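Accompanying notes for the structure given below.
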Amino acid sequence: MATTLQPPPTINSAARGLRYVKPHESSAPSTGIWVGLAAITMTFAAFTSAMVVRQGSGNDWRHFSFPVILYFNTATLVASSVTLQIGRGRFAAVLEGIDYAASALRALYGTLVLGCVFVLGQYAAWLQLRSEGLYLASAPSSSFFYIFTVLHALHVIGGLLGLIYVTSKLHRGILRASTLSAASQYWHFMALLWIYLLLLLVVRI
Amino acid sequence: MGKLVAVTLILIAIGSAIPILAHIWVPPADISTHGYQIDEQMSDTMVEAGICFLAAQIILAVFIWMFSDRKPGTKINAFPGGAKGLVIGAFLLVGTEVLALGFFGTKAWATIYFTPPAADAMSIQVQAGQFAFYFRYPGPDGKFGPLHPEKINEANQNIFGLDVDNDPASKDDIVTAEMGVPVNKEVRLLMHAKDVGHSFYVRELRIQQDFVPGLDLQLHFTATKVGRYEIVCTQLCGLGHYNMKAYLNVMSQPDYDAWIKQQATMQ
Amino acid sequence: MHDVSAHAAHHTPPQGFLRKYVFSVDHKVIGKQYYGLGLLAVMIGMALSWLMRIHLVWPNFAIPGLQWLSSAGAPGGVITPEYYLQLMTMHGTLMVFFVLTNVPFAGFGNFFLPIQIGAEDMAFPRFNMMSFWVTFVGFCVLVAAFFVGDGPPLSGWTAYAPLSALPGTGPGQAMGQTLWAISIAVFCIGQLLGSLNFITTTLDLRTKGMTLMRMPLCTWAWFITSCIGLLAFAVLLPACILLILDRVAGTSFFVPSNLVVSDQLVNHSGGSPLLWQHLFWFFGHPEVYIAILPAAGIVSHILVNSYRRPLLSHKAIIYCMMGIGFLSYMVWGHHMFLSGMNPFSALVFSFPTLVITIPATILVLIWIGSLYGSNLQINSASLFALGFISMFVSGGVSGFFLAQPAIDVYLHGTYFVVGHFHMVMGVAAIFGMFAGTYFWAPKMFGRMMNETLGKIHFWGTFVGTYCIFMPFHYLGLVGNVRRYSAFVDDYLAPLMPVHRFITIAALATGAVQLIFVYNLAYSRFKGKPAPENPWQGTSLEWATSSPPPWDNFGGKLPVVYHDPYQYGIEGSSGDYVMQNSPEQIQTAREDKKLI
């Protein structure tokens, strides 16, 4: 039986109501993100050295038990990076004309949801600490715990806002690959940063 | 106008150098055992800095004179040797000079900070607080009593927060508002800050050191000349910073013995 | 993320007063806004310095009207010791942050960087607009400190803890210090946004033919400065956050245990005052290079133009600026030789501090060496540029002393230090700003400034600033301590005539600056209309009208064929060849005769 390889079907996304156009590209968003990530790295490095010095300068560190929920939150954040990467792959296919924008959108929505779950999970960790009587000024250990986790969460929220912007552009069919690329770099960095902070806090707290 | 700039520059350069060459404003005479090393460093540095300063300003002035207001159409020739010579020259001359200064300067620094005080150095504690220096001598038992910050009470003259009733070592401690030391005797200064950052500076002794709240820092020196010298605060500590000072009295051994005995009776 | 290409952002010119002049995304408007903010800040800062100098030599002089600014700080117009320190703190903070970081870098850089690389605008115009307004908010918060409670903080622009961390340690240390910390934190964010733009624009938006090595030296300076600033301000921000938390949230990052203020035990424990110093100076030292490098770049740019010949080595200037930027991160401990940190660290920090002399010297040698055999043109801009060289040398040589810890034992905390940093930052960098203003005002405002007034301004400022700041070094050699609101120590009494001389010189030099302000304001509206290229310059800002159109080049981006600074090239059609001129020439670099 003769078989002929058929090329994958080109989807006329106009027929699906999601018109897609390929906008003008620039490499500036990526460069900008890398520059911004350099600044963020430096900020967290400064806080890290402050923590190391502070831990050594007094004998009042006061270790406390590490909230277990943080491990779940880590898994959530890493999962959101995975869904984002899936979304990028699907979007590349959209640009080739061999996939629907809807499938890429689904992946992005997943990322957003997982990102929100992460932030809520961090909030739960803070509530747990408060129930144990550990506030910002209770001890240097709790001070740094809150500083690192709150600042990271704020940056994650910033990333969520960026992803919402990206998602809305994709929905309207005017998303550039460079924009999605830049947003993804930022988001993945948030996950990497979190893994670093997790290790730091596990060791020191 | 270029010529006027050149002349002014040379006048400024020479004018700036005159007070230095004429020794109009100089550090006071050194009364310490280690200070001569600092003074030598400063002299060497002054010579090198002075040469660089004068050479640069004068050459700049000469070039401005020569090359401004030129007739149009005159040929432009580059500096002989071009950039390569200048860069290599800078590396070799300046590099050697600054590294030499740095290297030889470590000796003076090491004398102050890397040599421990002699075993028989006398200990004096100085407390810096807004806005005065106070001094504590260990007394005949040679021991300082512990400090209790919560007991500090300026009104009752308990400057250091001593508990003379319960701490035996505190009973014979002598607290003074002026620092007295015998001449030619090494002193170990124990520095304690009460509230914010301060600094201890005696120009003639060529010593200066910050007080850091929470850190117990030490300094040692030997005064070689009898006299009365000012101790001033050099770390911004609040509104009374300009007025925060004490006197260092360097005395002969008999005078010192008499003084400390008299201070003990005033506790 | 935003529409990132300027192309997309600038399809049509902005309409309406607010869009054109207030909330503009046009880098030229933003540059002028930064310049204007810097001008306002420098006038306030200079006035503060007059108040300080008057108080030092005439302590009982009543400044008319000052009591309305602060009845506690200046009762009857006579400045109290605490108010002197408060004025001093605001003087330093305004000058270092809102003048020296704003004008040569954010002001001129915003206006000229995109034009000099042949771009239509910065990479992120909306972030750029945000960076200015965030900086402006920081400025307002800082100035607000004058009007709250006890007034501004008195801990100096360096705000050492625990003085800055404990509200009870002096007037102004409560609300004033908190506002200061917030203002600086906000300023950091503005600077980070600005640096983000500068770096991305330089890397990504250069026009065809504009390689990195073909960028003018001031563009390089802005690029290197923005890299330094990105990492430096990213450390100051955490420091300010931790300070604010210590002040309002009861944490103890910088405040140790057992402190007693006003006979009360302080309720903090375990913190480290040295931690503040390390964080602050890790930012603080690169900051002073952020203050000087743009001025050095601007001066290089102007000197070449006035020499009518290329510098002896374009690359050496670039590599030296990079070297200075890199080394600037390794030397912060030289501010802390006597701070109580490990004395061995002092030697470690001393060496890179001494080594930084080498690139600085190379810069000076190339500036002076290139003057040899040149066809020096004298105008207001080149006068200030030449003055910069002189000031940079004067300020730099005092660094030889301070870089050595043993000498610092005697000179730390004295007027010698104050003389050093004022010479480099307060005079040299300001000369760079003046040179840039005279050079670029025609391009920015489309009008020439008055040359005669410019020259009078130069003479008064050049002689005046030497009269003010050279004596500081002599005072320092005697051991005159700094940050004193009055000179009551025995050994200071004989120095009062020197202080009086300085005060009179300061007031006179200050008065001369009014000539500059008048010239700027008058020329802005009534100056002679400026041609496209009044100084026969070669870089791309002179390839467009004065002022440039809203998209810089009227829709057609230039193509670059040459290195910058092709002046006096043999065999070329004239005394200079512009970067975008298609004329074929044998340039020095292509000829490989000069580096």
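The values are calculated or read from the model by the stated rules, or taken from the named source; none is laboratory data. Only a predicted model underlies this, so the values are computations on that prediction, with no experimental measurement involved. FYI the Cβ positions are ideal-geometry reconstructions off the backbone, even for glycines, and counts take in every protein chain you see. Heavy atoms of the whole protein, side chains included, go into the accessibility calculation; ligands, DNA and RNA do not. Shrake-Rupley method; radii C 1.70, N 1.55, O 1.52, S 1.80 Å.
Mean Kyte-Doolittle of at least 0.5 and a Cα length of 30 Å or more along the axis: which whole DSSP H helices of chain B meet both? Before the final figure, lay out the partial values.
Numbers: long enough: B:35-67 (47 Å, 1.01).
Membrane-span-like by this rule: B:35-67.
I'd like the projected area of region C:488-595, averaged over all directions, using the convex hull of its alpha carbons. Report it in nm² with one decimal. The partial results should precede the final answer.
Numbers: hull surface 55.1 nm².
The directionally averaged projection comes out at 13.8 nm².
Distance from the Cα centre of region B:1-72 to that of region B:135-163, in angstrom? So the separation of the two Cα centres works out to 51 Å. For region C:153-223, the list of trypsin sites (Lys or Arg not before Pro) that fall in a loop by DSSP and count at most 15 other C-beta atoms within 10 angstrom reads C:208.
With K and R counted +1 and D and E -1, the other residues having a Cβ less than 13 Å from that of residue B:74 yield a net charge of +3.
Check which residues have an amide H placed less than 5 Å from residue B:231's amide H, if you skip close sequence neighbours. Those lying under 5 Å, H to H, from residue B:231 are B:246, B:247, B:248. Please list the non-local residues whose amide H lies under 5 Å from the amide H of residue B:139, H modeled 1.01 Å from N, same-chain partners needing a gap of 5 or more. Answer set, sorted by chain and number: B:174.
Per residue, how large is the accessible surface of the protein assembly as shown? Use a 1.4 angstrom probe and give square angstrom. Don't skip to the answer; put the middle values down first.
Working: 38740 Å² over 1067 residues.
So the protein assembly as shown comes to 36 Å² accessible per residue, rounded to a whole number.
Neighbours of residue A:107 by Cβ distance under 9 Å: Lys/Arg scored +1, Asp/Glu scored -1, total +3. Residues of region B:48-77 that become at least 30 Å² less accessible with every protein chain present than in their own chain isolated, using 1.4 Å: which are they? Correct list: B:49, B:53, B:56, B:57, B:60, B:63, B:64, B:67, B:70, B:76, B:77. With Rh defined as the Kirkwood radius, the inverse of the mean 1/r over Cα pairs, the Rg/Rh of region B:159-267 is 0.97.
Over chain C, with every protein chain in place, what whole percent of the accessible area is carbon and sulfur at 1.4 Å, could you tell me?
Answer for chain C is 67 percent, counting heavy atoms of protein chains only.
Out of the total accessible area of region A:71-205 (probe 1.4 Å, heavy atoms of protein only), what percent is carbon and sulfur? Intermediate values should be presented prior to the final figure.
On the way: 3830 of 5330 Å².
Summing carbon and sulfur atoms, their accessible area is 72 percent of the total for region A:71-205.
Relative to the longest principal axis of the Cα atoms of chain A, the long axis of helix A:177-204 lies at roughly 30 degrees.
Take the Cα atoms of region C:421-506, build their convex hull, and give its volume per residue in Å³. All intermediate terms of the calculation are to be shown ahead of the outcome.
Details: hull volume 8.7 nm³, N = 86.
Output value, Cα hull per residue: 101 Å³.
Round to the nearest 10 and give me the degree value, 0 to 90, for the angle of helix A:140-171's Cα axis relative to the longest principal axis of chain A. Rounded to the nearest ten degrees, it is 10.
The contact residues of region B:111-129, meaning those that lose at least 50 Å² of 1.4 Å-probe accessible area when all protein chains sit together rather than their chain alone, are B:114. Its DSSP H runs of at least 4 residues, each contributing -39,500 (n - 2.57), put the calculated 222 nm mean residue ellipticity of the protein assembly as shown at -18500 deg cm²/dmol, to the nearest 500. Each of A:151, A:94, A:174 was scored by the projection of its Cα onto the charge dipole of region A:52-205, and the greatest displacement toward the positive side belongs to A:174; charges sit on the C-beta of Lys, Arg, Asp and Glu.
For an R0 of 60 angstrom, estimate the FRET efficiency from the Cβ-Cβ distance between residue A:103 and residue C:573 and round to the nearest 0.05.
On the way: r = 62 Å, r/R0 = 1.03.
Computed FRET efficiency for residue A:103 and residue C:573 comes out at 0.45.
Return the value, in Å² to the nearest 100, of accessible area buried between chains B and C (probe 1.4 Å, both sides summed).
On the way: alone 16120 and 22830 Å², together 30470 Å².
Approximately 8500 Å², summed over both chains.
Taking θ as phi - 60°, what are the ³J(HN,Hα) couplings along region C:226-234 by the Karplus curve (6.51, -1.76, 1.60), each to the nearest whole Hz, with x for Gly and Pro? Those phi angles translate into 5, 5, 4, x, 4, 7, 6, 5, 5 Hz.
Per-residue 3J(HN,Hα) values for region A:130-138, derived from phi via the Karplus relation 6.51 cos²θ - 1.76 cosθ + 1.60 with θ = phi - 60°, read 5, 5, 8, x, 9, 10, 4, 9, 5 Hz in sequence order (x marks Gly and Pro).
Histogrammed with a bin width of 5 Å, the alpha carbon distances of region A:71-205 distribute as 2, 10, 20, 20, 15, 11, 9, 6, 4, 2, 1, 0 percent, first bin at zero. Could you state, as a whole-number percent, how many of the C-alpha pairs of region C:140-219 are farther apart than 21 Å? Cα-Cα pairs of region C:140-219 separated by over 21 Å account for 49 percent. Of the chymotrypsin sites (Phe, Trp or Tyr not before Pro) found in region C:26-89, those that fall in a DSSP loop while having at most 15 other beta-carbon atoms within 10 Å are C:61.
Couplings 3J(HN,Hα) for region C:267-284, derived from phi with the Karplus relation 6.51 cos²θ - 1.76 cosθ + 1.60 (θ = phi - 60°), are 8, 9, 7, x, x, 10, x, 5, 4, 4, 4, 5, 4, 5, 6, 4, 7, x Hz, where x marks Gly and Pro.
Kirkwood hydrodynamic radius of chain B, from the reciprocal of the average inverse Cα-Cα distance over all distinct pairs: 22.6 Å.
Take the alpha carbon gyration tensor of chain C, find the square roots of its eigenvalues, order them as a ≥ b ≥ c, and report rounded if a/c is under 1.5; if not, report prolate when a/b exceeds b/c, else oblate. Display every interim value, and only then the final one.
On the way: a/c = 1.66, a/b = 1.54, b/c = 1.08.
Taking the square roots of the gyration eigenvalues as a ≥ b ≥ c, chain C is prolate.
With a ≥ b ≥ c taken as the square roots of the eigenvalues of the C-alpha gyration tensor of the protein assembly as shown, please select rounded if a/c is under 1.5 and otherwise prolate if a/b is larger than b/c or oblate if it is not?
On the way: a/c = 2.05, a/b = 1.23, b/c = 1.67.
Cα axes put the protein assembly as shown in the oblate bin.
Cα centroid separation, region C:27-101 to region C:334-401: 28 Å.
For residue B:199, nonlocal amide neighbours, meaning residues 5 or more places apart or on other chains whose placed amide H falls under 5 Å from its own, are B:211, B:234, B:235. Each Lys or Arg adds one and each Asp or Glu subtracts one; over the other residues with Cβ under 11 Å from the Cβ of residue C:528, this totals +1.
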